[in-house]
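The values are calculated or read from the model by the stated rules, or taken from the named source; none is laboratory data. As the structure is a computational prediction, the values presented were derived from the model and not from experiment. Heads up, the Cβs are rebuilt from the backbone with ideal geometry, glycines too, and the neighbour counts pull from every protein chain shown. Heads up: the accessible areas ignore ligands, DNA and RNA and are worked out on the full protein's heavy atoms, side chains in. Shrake-Rupley method; radii C 1.70, N 1.55, O 1.52, S 1.80 Å.
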Amino acid sequence: MTTTFDALSLFSGGLDSILATRTVMDQGLKVLGIHFVTPFFGKPHLIPFWQDHYGVEVQAVDISPQYVDMIVDGPPNAFGKQLNPCVDCKVLMLTEAKKLLGAYSAKILISGEVVGQRPMSQRPDALNLIRKSADVSDVLLRPLCARKLEITPVEEAGLVDRSRLLDLYGRNRKPQLDLARNKYGFTEIPTPAGGCVLAEIEAAARFWYLLRASEAVGVRPSPDDFTLAQTGRQLWTTKDAADLWLCIGRNREDNDKLAFQAKDTDLLFKLVDFPGPTALARPMSGAPWSTEAVRDAAALVASYAPRAVKSGEEVAVAVTTGPTTTTVHVLPQRTSSLGFCEPNRKGFRQWKAARLPG
Ligand code: SF4
């Protein structure tokens, strides 16, 4: 791989990031796509496809710790409709990308934003705020809407030809689709952005429960915790303690992921004599679960094993923590005595309102 590039591009894999990158490459400049990865977005396994189909060289960069810190501390410019901190997300990505410029001898930072396209992060004032907060005024180029914006230092310096940049504006996606199909001949047209679970209703509720429980027990959730919050059926209860968090696999893929994610302090549940889900309980505070909580969780896990339920009898559930496995015998029970339930959004808006900046 070449180690010297003229420009680095924020490359989500969404259509706008592809077109922004290609627009600058069309001027004969060498561009490296930087694909940021966090627990909430990032598809580094697609890098070979992107290189093949869109002709863009791409490098994955994991920014999970910084990104999770921003979510946990509360984004300075507030969450969007769900838990998407779009303005601060862009600020963080540009800040991190700017740090990489020197390593590649690059002088330009490309972002695929289109002024007026999105209500929160692509209003003209938001674009200015992002540019200033990330301190990238000297290097930033937004090729898709450059001719709708003031001339930038990289254009003034002659590093790119402004007349060959675009003047897209607003929410109409037709110009991007025309470019993709007719100018570049792409047969696979991705969505505008790269896919981010923070903007999804169901995922936001899952993350919110994790954030809320972490606050209650005074710990900071880790990137791994946010990955776990996306795995399987999520169940929480605050009845016994604030940190009873149980994740039950819904299929083989979930089961494998849960087994893979288990840490030494987690509890892994598995039925001994019947096929059934794998489940993982993570004590957020580090305090061991009470016997009652373990039995309640085991009964719940068993209730998702049809043959165990059909037996009508107590069944054995192995509970493993680190090197130690114990077995509890429970009647499969879907109704939890400790009130385990799946995340809902009751109180979500108030919780977010209490975290508004200023
Ligand atoms: S949708 Fe997600 S990835 Fe995109 S800007 Fe917003 S927070 Fe960032």
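Between Pro119, Pro44, Pro175, the Gaussian network model of the chain with springs among Cα atoms under 10 angstrom shows the greatest mean-square fluctuation at Pro175. Between 0 and 90 degrees, rounded to the nearest ten: what's the tilt of helix 64-73 against the longest Cα principal axis of the chain? Roughly 80 degrees, rounded to the nearest 10.
Counted without the sites themselves, the longest stretch of the chain free of GluC sites (Glu not before Pro) in a DSSP loop having at most 11 other beta carbon atoms within 10 Å is 1-149. For the chain, the solvent-accessible area works out to 46 Å² per residue, with a probe of 1.4 Å and every protein chain left in place. Spatially, the stretch 252-271 and the stretch 286-329 are offset by 13 Å when compared through their Cα centroids. Placing a label point 7 Å from the Cα of Glu292 along the Cα-to-Cβ direction, the residues of the stretch 327-358 whose backbone N falls under 14 Å from that point are 336-340.
Distance between the modelled labels on Arg355 and Ala103, one decimal in nanometres: 2.9 nm (7 Å Cα→Cβ projection). For the pair the stretch 22-56 and the stretch 132-168, the centres of their Cα atoms are 20 angstrom apart.
Using only helices, what value at 222 nm comes out for the chain when you add -39,500 (n - 2.57) per DSSP H run of length 4 or more and divide by the total residues, to the nearest 500 deg cm²/dmol? List each step's numbers first, then the result.
Working: 13 runs with 121 residues, N = 358.
Calculated from helices alone, the mean residue ellipticity at 222 nm is -9500 deg cm²/dmol.
When the solvent-accessible area of the chain is split by element, carbon and sulfur atoms take up 52 percent of it, the probe being 1.4 Å.
Please give the net charge around Trp208, taking every other residue with its beta carbon less than 14 angstrom from that of Trp208, where Lys and Arg add +1 and Asp and Glu add -1.
On the way: positive: Lys81, Arg206, Arg212, Arg345, Lys346, Arg349, Lys352, Arg355; negative: Glu200, Glu202, Glu215, Asp225, Glu342.
Result for the neighbourhood of Trp208: +3.
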